[in-house]
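Participant: Sending over a structure as structure tokens; questions will come in a sec.
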Number of protein chains: 2
Amino acid sequence: MANAPVQRMSQLMAKTLRDDPADAEVLSHKLLVRAGYVRRTAAGIWSWLPLGKKVLSNIERIVREEMDAIGAQEVTLPALLPREPYEATGRWDEYGAELFRLQDRKGGDYLLGPTHEEIFTLLVKDQCSSYKDLPVILYQIQNKFRDEARPRAGILRGREFLMKDSYSFDTEDEGLAQSYALHRTAYQRVFERLGLDYRIVAATAGAMGGSKSEEFLAPAEAGEDTFADCPNCDFAANTEAVYQAVKPVDGSAVPAAEEIPTPDTPTIETLAASLGVPASATLKNLLVKVDGEIVAVGVPGDREVDMDKVEEHFGPTATVELVTEEDFAVRPDLVRGYVGPQGLEKVKYIADPRVAPGTAWITGANKDGMHAKNVVAGRDFEVEEYVDVVVVQEGDPCPKCGTGLKLDRAIEIGHIFQLGRKYADALKLDVLGQNGKPVRVTMGSYGIGVSRAVAALAEQTADEKGLCWPAEVAPADVHVVAAGKALQTELALEVSEKLSAAGLRVLVDDRAGVSPGVKFTDAELMGVPKILVAGRRSGEGVVELKDRRTGEREELTVDEALTRLTA
Amino acid sequence: MANAPVQRMSQLMAKTLRDDPADAEVLSHKLLVRAGYVRRTAAGIWSWLPLGKKVLSNIERIVREEMDAIGAQEVTLPALLPREPYEATGRWDEYGAELFRLQDRKGGDYLLGPTHEEIFTLLVKDQCSSYKDLPVILYQIQNKFRDEARPRAGILRGREFLMKDSYSFDTEDEGLAQSYALHRTAYQRVFERLGLDYRIVAATAGAMGGSKSEEFLAPAEAGEDTFADCPNCDFAANTEAVYQAVKPVDGSAVPAAEEIPTPDTPTIETLAASLGVPASATLKNLLVKVDGEIVAVGVPGDREVDMDKVEEHFGPTATVELVTEEDFAVRPDLVRGYVGPQGLEKVKYIADPRVAPGTAWITGANKDGMHAKNVVAGRDFEVEEYVDVVVVQEGDPCPKCGTGLKLDRAIEIGHIFQLGRKYADALKLDVLGQNGKPVRVTMGSYGIGVSRAVAALAEQTADEKGLCWPAEVAPADVHVVAAGKALQTELALEVSEKLSAAGLRVLVDDRAGVSPGVKFTDAELMGVPKILVAGRRSGEGVVELKDRRTGEREELTVDEALTRLTA
């Protein structure tokens, strides 16, 4: 391929701004707009200007190379998809308001693909008939659509965004594990090449169904995800995937349970204050309805229930709601504010692992204005199922080593799932096995947020002066600044051509009527790794070479600079 | 970039079919499906399998290189677009049922981009403030969406398809002409590199508005466009853009007009038969309503009116309808079947250039059962405006040299337009001019159908054995066939690795349990330019090299073959 032509700033569509855009909350949003990389077209919908497009294409290329390296085959499926396959797997409804739905001129139902599990499953069903045709990994790099309730944070959470999604198809669980491992390695290589600081953390499968799943997180203040990190061992997990073991204690010495009058204490705060005990000594029982059936969820009084974890526990098709006034009206045995697990009838009782057998609690006595103390799990009430449903807090014990966990914010840049047979079951994807009988196929699904990676990189690498790209993703290798008049511009253009001829990607600030100061500020804002300035000593053929990250600068002859940059 | 890994057929997602798909009407559709390049996902919506994706990417790369070469800057705008800008230019309504419209979760109106004039105009309005910021050419390569009434012909006319669209912005008409000329040259280079047989023909601007416009057409039986081609001079045009000059004749010797009773002759056929004259001696007057006003369109009785041309004449915002029973009811002066231009009142009369001043006609007398003869244009009636509105026929005179035109079918693969200021006017795109006053910007819009070019190439290059790609777009350089057992497979893989190491893109048919005959048939169907067979003489290190197009074959040692292929 021919060398890229020198890009002149005088012609470049990249208007820089001195001030942060009014609606920008996070660093990457501010800087990518200010440096002329992106522009907002509608809420959560972005246009990529030339510099942004170059960064995006660089990331695409790296992702493509690493996917090709694990033997994945690139395809392109449509964005506009028919309803039927998504109906068959239940996702047409499960996706709720996040799915963009539309009709064609004949009234047929379509959607804009949020991910493509269904269509890939059908494609493999069409293409593969025997175990000999598997394993196969297919990928595409394509715009996806999700109607986010609150698109925010610039391109970190858009409604149309560029994603690499891939899907693996195997006949055996071991094959799936291997396809998963291949992706894990490829993702590590991608994020290392991108120069991203990232962590691999355990994740629940979320709305995708299936079993094993990990997330690739880029720690950043602007991140919308929180993950727990053990400072002592290698445990790291999405907070939804942190769990505690059930550790029974000896409760035999606890006196018998006893009711105590506690008027006007319908909340944990009022109760703890009235009794002079910490909230952690009390047992809070949250009532929810799961597909219409009442379930009580017991957690220590100082902890919050994570409704996402509750929903996750009951699965993607269950409807989980808080109980209402009407529910209490038809169940007078449930006394609002004074519910306790002892003697509850027709209510499934699940509890946090901290409510382990033998632990004693102050909890509701199922009578208005009354609580009970010395209520012991396993003696005075039974826990039907232990489920970790509390919101994780900094300092919670590491499930592996017990050390207090750290909580950090991060951006999800990749996600790998062992889906299993959920989609193959729904769409009846079988191949003939070695024994001549049909075998149901098992699948994996894997994603990298390509446009989001641009923002994550911006977040992690920017400094107070602006963007600061790693070399392999930068929109150019060298940003040449003509700091002066005709003499400087002539030298800048001459050097640019030489650098281009040597195979470097060059951006040259040849703008007339723009001061050197503005050009320097723009160069630092735009974040190309090397800045070469044709300034005062241009007449002697001396230029200044500056490293954008370190700020180190040195004066060199043009030849020296060329040698240095092309080494 | 690293060499592409050898692609093994045993793992390739490309199931070949012996029979044409039942719904396939055109050659490219049949072959691209049979050779495993594409699969249908829904009506007019296609998935690109690995081989198809490679061809598509090759074309994309060529288009990108040639666009970069004219200084165009690549961007990526969203596919999901807000209604407002399209409302401002009128296209939200003008596009009719062809536009995919949808609502987001808040009820906001959106569309799936068919082309992006509006969004580019707004982008330039945001980015450019001075004449110094122009000219600029921006392009993107992206999926477009159009809800075709009858998606057919495979990927030739899909509802989601890959397009390169670009837009030029200039302050002066001469600048626009230059941006247009740059595109014309770039397109010529693209189509030449693709190895396409193409013609550049004059086109009307169609629904886009604006002035100068040309189409790039690839002659093919499967094409949906018809163009007129002069066998004598360089005239070539979309049939909608063929026009005739008005050539007045001397009608002074024609006797006075005279009414003649012609009972039961409400059609041209009945009239001509009854009088024993050719249909061409009669004048047919078609009544239409343009924005509610009645207009009569006069054409020779043997010609059909091209309603597209009529609509084009009155412009994209006009509503053109045929008159109805109700219209005749309120206008008793218009006698159905017996309308003539002489003495018509409150009716605008436009006519084909063939109804030139001085020509004499038999036409309706505006009385039931009566016609008139010797009715002379310019003497007995006035033509308010001459407009070429007839359907072009083979043999019509060339507007430039008068030779009879040939009509040919073709696929539209590119289109270049001088839009002018239509969009800039609607969206108020001005920049400051040299004199400090605002200047309205003038635009061009240019498209290449990238996915359609795949089909056009398939149509033009395929032979009875299958696809037959030009080298630069082929999914591989060499298709290596292991025609035998372990010995042949081993040699095939060894040669493949050597070719790959030499920088060639290699597909190797290493499938076990597939006969050499099936492999040969598949290789010819898939259409890679060179086929290298490890067959009977593999033991001696002798292979057969075959040219897919010419069928020429020769036996060579492996080293000779490598030298030949990498030369």
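The values are calculated or read from the model by the stated rules, or taken from the named source; none is laboratory data. Bear in mind the structure is a predicted one, so any value in this text is a computation, not a measurement. Glycine gets a Cβ as well: all are built from the backbone with ideal geometry, and neighbour counts include every protein chain shown. Surface accessibility is based on the protein's heavy atoms, side chains included, excluding ligands, DNA and RNA. Shrake-Rupley method; radii C 1.70, N 1.55, O 1.52, S 1.80 Å.
Participant: In whole Hz, with x marking every Gly and Pro, tabulate ³J(HN,Hα) for segment B:507-512 from phi via Karplus 6.51 cos²θ - 1.76 cosθ + 1.60, θ = phi - 60°.
Facilitator: Ordered by residue, 3J(HN,Hα) equals 10, 10, 8, 9, 5, 7 Hz.
Participant: Here is a follow-up. Please check which bits of segment B:156-195 a label hung off B:Ala43 would reach, taking the label as a point 7 Å along Cα-to-C-beta and the cut-off as backbone N under 12 Å.
Facilitator: Once the point is set 7 Å along Cα→Cβ of B:Ala43, B:159 turn out to lie under 12 Å by backbone N, inside segment B:156-195.
Participant: A further question follows. Amide H neighbours of B:Gly404 under 5 Å, at least 5 residues apart or on other chains, H built in the peptide plane: list them.
Facilitator: B:Cys398
Participant: Shifting gears a bit: Counting only Cα, what are the radius of gyration and maximum Cα-Cα distance Dmax of segment A:476-566, in Å?
Facilitator: 11.5, 31
Participant: Further question on the same structure: Please state, to two decimals, what the Cα-based radius of gyration of segment A:41-110 comes to when divided by 2.2 N^0.38 Å (N = residues).
Facilitator: 1.54
Participant: Among the residues of segment A:114-130, which ones have their accessible area go down by 30 Å² or more when all the protein chains sit together, as opposed to their chain alone (1.4 Å probe)?
Facilitator: Buried by the other chains: A:Leu123, A:Asp126, A:Gln127.
Participant: Further question on the same structure: When N is the residue count of chain B, what does its C-alpha Rg come to as a fraction of 2.2 N^0.38 Å? Display every interim value, and only then the final one.
Facilitator: Working: Rg = 29.5 Å, N = 567, 2.2 N^0.38 = 24.5 Å.
Scaled against compact globular proteins, the figure is 1.20.
Participant: If Lys and Arg each add +1 and Asp and Glu each add -1, what is the summed charge of the other residues whose beta carbon sits under 9 Å from the beta carbon of A:Leu532?
Facilitator: Net charge around A:Leu532: +1.
Participant: If you roll a 1.4 Å probe over the heavy atoms of the protein chains, what accessible area per residue do you get for segment A:445-527, in Å²?
Facilitator: On the way: 2640 Å² over 83 residues.
Here the residues of segment A:445-527 average 32 Å² of exposed surface.
Participant: Based only on Cα atoms, what mean projected area does the convex hull of the protein assembly as shown have, in nm²? Let's see the in-between values first.
Facilitator: Numbers: hull surface 240.2 nm².
Averaging across all directions leaves 60.0 nm² for the Cα convex hull.
Participant: Specify the inter-centroid distance of segment B:272-319 and segment A:519-561, based on alpha-carbon positions, in whole Å.
Facilitator: Using only Cα atoms to place each centre, the spacing works out to 71 Å.
Participant: A follow-up question, please. Which value in Å does the Kirkwood hydrodynamic radius of segment B:258-386 take, with 1/r averaged over all unlike C-alpha pairs and then inverted?
Facilitator: Values: mean 1/r = 0.0679 Å⁻¹.
The Cα-based Kirkwood calculation yields 14.7 Å.
Participant: Something else about it: What's the buried accessible area, both sides, between A and B using a 1.4 Å probe, rounded to 100 Å²? Please report the intermediate quantities before stating the final value.
Facilitator: Numbers: alone 25260 and 25220 Å², together 45700 Å².
Roughly 4800 Å².
Participant: If you average 1/r across every pair of different Cα atoms in segment A:1-124 and take the reciprocal, what Kirkwood value do you get, in Å? Before the final figure, lay out each step's value.
Facilitator: Values: mean 1/r = 0.0546 Å⁻¹.
Kirkwood radius, segment A:1-124: 18.3 Å.
Participant: May I pose another question? With 23 Å as the limit, write out which pairs from B:Lys284/B:Lys373; A:Lys106/B:Lys53; A:Lys546/B:Lys132; A:Lys519/B:Lys437; A:Lys498/B:Lys164; B:Lys53/B:Lys530 have Cα-Cα distances beyond it, or answer none.
Facilitator: Correct reply: A:Lys106/B:Lys53; A:Lys546/B:Lys132; A:Lys519/B:Lys437; A:Lys498/B:Lys164.
Participant: With θ set to phi - 60°, apply the Karplus curve 6.51 cos²θ - 1.76 cosθ + 1.60 along segment A:229-244 and write out the HN-Hα couplings as whole Hz, x wherever there is a Gly or Pro.
Facilitator: Once θ is set to phi - 60°, the couplings for segment A:229-244 become 9, 8, x, 9, 10, 8, 5, 8, 8, 3, 4, 5, 9, 7, 9, 10 Hz.
Participant: Rounded to the nearest 5, what is the percent of antiparallel bridges among the DSSP beta bridges in segment B:476-566?
Facilitator: On the way: 9 of 18 bridges.
So the antiparallel bridges in segment B:476-566 amount to around 50 percent.
Participant: Per residue, how much accessible area does segment A:143-283 have with a 1.4 Å probe, in Å²? Walk me through the numbers on the way to the answer.
Facilitator: Working: 6080 Å² over 141 residues.
Accessible area per residue, segment A:143-283: 43 Å².
Participant: In the protein assembly as shown, which cysteines lack any other cysteine Cβ under 4.7 Å from their own?
Facilitator: A:Cys128, A:Cys468, B:Cys128, B:Cys468
Participant: Straight-line reach from A:Lys125: which aspartates and glutamates have Cα under 13 Å away, leaving out those fewer than 8 places along the same chain?
Facilitator: A:Glu117, A:Asp133, A:Asp170, A:Asp425, A:Asp430
Participant: Rounded to the nearest whole Å³, what is the per residue volume of the convex hull around the Cα atoms of segment A:367-465? Before the final figure, lay out each step's value.
Facilitator: Details: hull volume 36.1 nm³, N = 99.
So the per-residue hull volume is 365 Å³.
Participant: Label B:Glu172 and A:Lys465 with points 7 Å out from Cα along Cα→Cβ: what is the distance between them in nm?
Facilitator: 4.0 nm
Participant: While we're here: Amide H to amide H under 5 Å from A:Val390: which residues, 5+ apart in sequence or cross-chain, H placed 1.01 Å off N in plane?
Facilitator: A:Asp306
Participant: Next up: Given label points at 7 Å from Cα along Cα→Cβ, what nm distances, shortest first, separate A:Arg184 from the same residue in every other copy?
Facilitator: 6.1
Participant: Another question about this same structure. Could you please report the charge total around B:Ala372, scoring K, R as +1 and D, E as -1 over all other residues with beta-carbon less than 13 angstrom from its beta-carbon? If you can, show how the numbers build up before the last one.
Facilitator: On the way: positive: B:Lys367, B:Lys373, B:Arg379; negative: B:Glu258, B:Glu259, B:Asp380.
Result for the neighbourhood of B:Ala372: 0.
Participant: Dipole size in debye (nearest 20) for segment B:476-566 around its Cα centre, Lys and Arg Cβ +1, Asp and Glu Cβ -1? The partial results should precede the final answer.
Facilitator: Details: 13 positive and 16 negative charges, 44 e Å.
Its charge dipole is roughly 220 debye.
Participant: What's the carbon and sulfur percent of the protein assembly as shown's accessible surface, probe 1.4 angstrom, rounded to a whole number?
Facilitator: Details: 22550 of 45700 Å².
Its accessible area is 49 percent carbon and sulfur atoms.
Participant: Related question: For B:Lys400 and B:Ser130 in one chain, what is 0.36 nm times their gap in residues minus the Cα-Cα distance, to one decimal in nm? Kindly include the intermediate steps, with their values, before the conclusion.
Facilitator: On the way: separation 270, 0.36 × 270 = 97.20 nm, distance 4.20 nm.
Between B:Lys400 and B:Ser130, full extension yields 93.0 nm more.
Participant: In nanometres, what is the gap between the two model label sites at B:Ser10 and A:Glu472, each 7 Å from Cα along Cα-to-Cβ?
Facilitator: Output for this residue pair reads 3.1 nm.
Participant: What is the P(r) of segment A:427-526, as percent of Cα-Cα pairs per 5 Å bin from 0?
Facilitator: Per 5 Å bin, starting at 0, the Cα pair percentages come out as 2, 11, 14, 14, 12, 9, 6, 4, 4, 4, 5, 5, 4, 3, 2, 1.
Participant: Students often forget the sequence filter, so: which lysines lie under 20 Å Cα-Cα from B:Lys289 once same-chain residues fewer than 8 apart are removed?
Facilitator: Output for B:Lys289: B:Lys309, B:Lys346, B:Lys348.
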